[in-house]
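Let me begin by presenting the structure, written as C-alpha cells, before commenting on it.
Readers should treat all values here as calculations from the given coordinates under stated rules, not as data from a laboratory. Worth saying up front: this structure is predicted, and the values here are computed from it rather than measured. Using ideal geometry, Cβ is built from the backbone for each residue, glycine included, and neighbour counts are taken over all protein chains shown.
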Amino acid sequence: MTKGLLVAAAVAAMFPYTQVLPNESYTQPYALMLAVAASLFILRRYLDRAPGRDVLSLLSLAVVGTVLFLASCLPTPSAQDVKSLLMYVSPLFFSASSFLFAIDHPVAMRRVVSVAAVVWLVVGVVQATVDPSFASRWVGNWNEAAEVVVMSGRGVIGLAPEPTHHGFHLLVMAAVLYLLGGKRSLIFACILAAVILARSSSTVLSLAVGAGVCLLLRPRKMLIPVVVAVTAAFGVFGVLARPAIDEPIRVVSLAASLLENPVAILSVDYSVNLRLGGLVVGTGLVADSWLWPHGLSNAEWLARIPQIREANPWLFDISTAGIPSGIIIVAYQLGWIGMVLLTAPLFRIVRASRSSLGLWLMLSAVAVFLGQFLISAPGFGVLHGCALAATLSRRPDDRHSSVTRKDDQ
C-alpha cells in the first residue's frame with residue numbers, strides 16, 4: 001500500500017496542473033493530498049534516514065510559516081493567505097515522499113518521471129505541429145487560451161496553464177531525471193522542448209542564469225560548454241526566426257530587443273515587465289526592510305500595491321498575489337528566518353550534481369524558483385527529495401542506501 005501511495009504521489013506531482021474536478025487554482029491539490037497521505041506511513045523512516053539538517057530546515061520552514069500565518073492572517077484568512085501557508089508546508093511532504101520513493105524504489109521512480117516526461121513532450125509536439133488545443137481540456141479554464149497564446153507568438157501550453165509554467169516544469173523534470181540517472185537524451189529533449197516548444201523567455205533566462213553561475217564557479221571547465229550552448233541557442237533562435245517574418249515569435253523578439261537595448265527590455269513586453277519588473281521591485285522591498293518579516297497577509301500586500309506603483313512608475317503592474325518570485329517572496333514574508341531555513345534545501349539541490357552538466361541543470365532549476373514558480377509547486381519538493389536520495393546513495397559508508405534499499409529490478 002505504501003509503495004502504491006508513493007507511486008500515485010509521484011505521478012500527481014509530475015502532472016501538477018491536470019484538473020480532474022473544477023478548480024480555479026493553477027496548481028491542483030491532488031499531488032499534495034497524496035504526498036501527505038504517503039507521508040503518514042513513511043514519516044518515521046524519513047526522519048530516521050534523511051539528513052537531520054535538511055529535515056530540520058523543512059520542518060522549521062513549515063512551523064515558522066504556520067506561526068506567521070496565525071499571527072498575520074487571523075481571524076479571517078483569505079484564500080490567498082492559505083495558498084501562502086501551503087508554500088511553507090508543502091515542500092516537507094513532497095520531499096519526504098519523493099526521497100523515500102527514490103531511495104527505496106529508484107527504478108520505479110525513474111520510470112514514473114521518464115514516462116511523465118515523454119507524455120509532456122508528446123503533448124507539446126502535437127500542440128506545436130497539429131492542434132494547439134490538443135489535451136488542453138485537462139488544464140480547466142485556461143484551455144481556451146491555448147490557440148490564442150500560440151497565435152500571439154508564444155509557445156504551446158502543454159499540460160500547463162501557460163507556456164512559462166510549461167517551460168519551468170520541463171526544466172525541473174530534466175533536473176529530476178538527472179538526479180535519478182535518467183537517459184541523457186530524454187534530459188536534453190526536455191531542455192530543448194522548454195526552449196523550442198514552450199518558447200518561454202523566463203525558462204531561457206533561467207538556463208542563462210545557471211550557465212552564468214557555472215561559468216563563475218568553474219571558469220576553466222565551463223567556458224567551452226557555455227560558448228557551445230550560446231552558439232547553439234543562437235542557432236535555435238535563427239531557425240525559429242524564419243517563420244517570424246509573418247508570425248513574430250515572442251522569445252525571438254525579446255532576444256532581439258535585449259541585444260538592441262538591454263535597458264529597455266522591461267518596457268517592450270507587458271509579461272516581462274510584470275514578472276522581471278516585479279522581481280526587481282520585490283528584491284528592493286526586501287533590501288529596504290533589511291530582511292524583516294512581513295507576514296503572510298495578502299490584505300497587507302494589496303494595501304501596499306498603490307505605494308509600490310507610485311514609487312515605480314515604469315512598472316506596468318504587479319501581481320496581487322505577492323512578489324512574483326518563489327524565493328524572494330519567502331524573503332519578504334518570512335524575512336531573514338525564511339532565507340536561513342531555505343538555504344539548506346537549495347544548497348542540497350546544487351550539491352547533488354555530479355558533473356558540469358549536472359551543476360548547470362541544478363543551478364538552472366534553482367533559478368526557476370527565482371521566477372514566478374513558487375516552492376509550493378510539487379517540483380521543488382520532488383527535486384529536493386531526489387537530491388537527498390542521490391547524495392545518500394553515493395555515500396559508501398551509508399548503510400541505509402546499501403542494505404535497506406529494495407530491489408526494483
Proxy exposure order for Y332, Y30 (fewest C-beta within 10 Å first) is Y30, Y332
Starting with the fewest neighbours, write out W290, W336, W301 ranked by other beta-carbon atoms found within 10 Å of each beta-carbon.
-> W290, W336, W301
Of K3/K83; K3/K183; K3/K221, which sit over 30 Å apart, Cα to Cα?
-> K3/K221
Under 14 Å, Cβ to Cβ, from S60 - net charge with Lys/Arg +1 and Asp/Glu -1 = 0
